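K.L.:
One structure is given below, represented as structure tokens, and several questions about it will come after.
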Amino acid sequence: MKFNKNYWENRYKEKKTGWDLGKISKPLKNYIDQLDNKNLHILIPGSGNGYEAEYLFKKNFKNIYYNDVSKLAIKNFKNRVPSFPKTNILDLNFFDINKKFDLIIEQTFFCALDPLVRQNYINKINDLIRNNGKLVGLFFDDIFKSQEPPFGSKKKNYNELFNKFLNIKTFELCYNSELPREGNEFFCIAQKK
Ligand SMILES: C[S@@+](CC[C@H](N)C(=O)[O-])C[C@H]1O[C@@H](n2cnc3c(N)ncnc32)[C@H](O)[C@@H]1O
């Protein structure tokens with residue numbers, strides 16, 4: 001794979017981490033704040049420094065799973081949130097996760113993947129989500145012209161990709177984005193068919 005473990009490790013080593021907000025994003029915080037069921041099994045793929053996992057953990061959600069391939073990102077997360085259960089840190093490729101979840105939270109993970117593996121991404125999301133489970137989060141609009149991540153997409157293409165396995169409940173320009181992302185990202189709530 002083009003953007004593999006080494007690629008991401010180097011981005012952390014070289015501190016080329018422009019995606020890192022230093023906190024949970026506002027749209028995801030708002031979404032999480034209205035969840036009542038603290039027993040949901042929740043995965044955050046490509047968690048990075050893990051602000052969403054930390055937020056959920058501190059709000060007493062019981063089954064949160066952090067996932068990343070970068071040792072450095074994992075180390076940062078463990079240092080910042082030492083009481084987070086080690087068994088819930090999935091130190092492996094997203095495509096090798098073998099569990100079921102009620103909710104998968106997307107925060108700049110899809111955009112980190114080579115666009116060529118998008119079909120694999122949605123196939124894997126479908127495998128990982130339990131019946132009636134959801135994929136919720138932020139997806140960049142098609143605004144980047146770079147050869148390196150992040151990679152966005154058009155609303156129509158997201159819809160085509162997700163439609164096979166998911167009922168899209170919401171896929172709209174996000175109204176409460178963090179400032180640098182204002183007008184550039186969609187908020188998605190999609191439920192397994
Ligand atoms: C753009 S960063 C986003 C990090 C975090 N979600 C955030 O918003 O701060 C993408 C993250 O995905 C991780 N990653 C990339 N490919 C991965 C894969 N196949 N499996 C698991 N993690 C992966 C990278 O190491 C990196 O931490």
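The values are calculated or read from the model by the stated rules, or taken from the named source; none is laboratory data. All values reported here derive from a predicted model rather than from experimental measurement. Every residue, glycine among them, receives a Cβ derived from its backbone with ideal geometry; neighbour counts consider all protein chains shown.
K.L.:
If you scan region 140-191, which residues turn out to be surrounded by fewer than 19 Cβ atoms within 10 Å (Cβ to Cβ) and among the aliphatic types (A, V, I, L, M)?
P.N.:
Result: I143, L161, I168, L173, L179, I189.
K.L.:
Also: Which one of D33, D20 is at negative phi, within 7 Å of the ligand (Cβ to nearest atom) and surrounded by fewer than 20 Cβ atoms within 10 Å (Cβ to Cβ)?
P.N.:
That would be D20, the only listed residue that is at negative phi, within 7 Å of the ligand (Cβ to nearest atom) and surrounded by fewer than 20 Cβ atoms within 10 Å (Cβ to Cβ).
K.L.:
Which residue out of D141, D127, D102 is closer than 18 Å to A53 by Cβ, acidic (D, E) and more than 13 Å from the ligand (Cβ to nearest atom)?
P.N.:
D102
K.L.:
Can you find a residue that is touching a helix residue (DSSP H, G or I) at 6+ places or on another chain (Cβ under 7 Å) and assigned to a strand (DSSP E or B) anywhere in region 159-166?
P.N.:
No: region 159-166 contains no residue that is touching a helix residue (DSSP H, G or I) at 6+ places or on another chain (Cβ under 7 Å) and assigned to a strand (DSSP E or B).
K.L.:
Take the residues of region 58-95 that are in a helix (DSSP H, G or I) and within 8 Å of the ligand (Cβ to nearest atom): which is nearest to K38 (Cα to Cα)?
P.N.:
Per the stated criteria, the residue is F94.
K.L.:
Going by the structure shown, is Y55 free of Cβ contacts under 8 Å to residues at least 40 places away in the same chain, part of a helix (DSSP H, G or I) and away from the ligand (no atom under 11 Å from the Cβ)?
P.N.:
yes
K.L.:
Within region 142-150, is even one residue at positive phi and of a type outside the set (S, T, Y)?
P.N.:
no
K.L.:
Then there is this: Please name all residue pairs, on different chains or six or more residues apart, with Cβ atoms under 8 Å, provided the first residue is in region 84-99 and is free of Cβ contacts under 8 Å to residues at least 40 places away in the same chain and over 19 Å from G133 (Cα atoms) and the second residue is among the aromatic types (F, W, Y) and part of a helix (DSSP H, G or I).
P.N.:
These pairs meet every condition: F84/F57; F84/F77; I89/F77.
For (1) touching a Ser or Thr at 6+ places or on another chain (Cβ under 9 Å); (2) hydroxyl-bearing (S, T, Y); (3) modelled with pLDDT under 95, each residue gets a yes or a no:
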position	(1), (2), (3)
I104	no, no, no
C111	yes, no, no
I122	no, no, no
I129	no, no, no
I143	no, no, yes
L161	yes, no, no
K169	no, no, no
E185	yes, no, no
I189	yes, no, no
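K.L.:
Still on this structure, please answer the following. Give the residue, chosen from K156, K134, K169, K145, that is assigned to a helix (DSSP H, G or I) and over 21 Å from V69 (Cβ atoms).
P.N.:
K156
K.L.:
Something else now. Among the residues of region 123-139, write down those that are surrounded by fewer than 19 Cβ atoms within 10 Å (Cβ to Cβ), of a type outside the set (D, E, K, R) and free of Cβ contacts under 8 Å to residues at least 60 places away in the same chain.
P.N.:
Across region 123-139, the qualifying residue is only N123.
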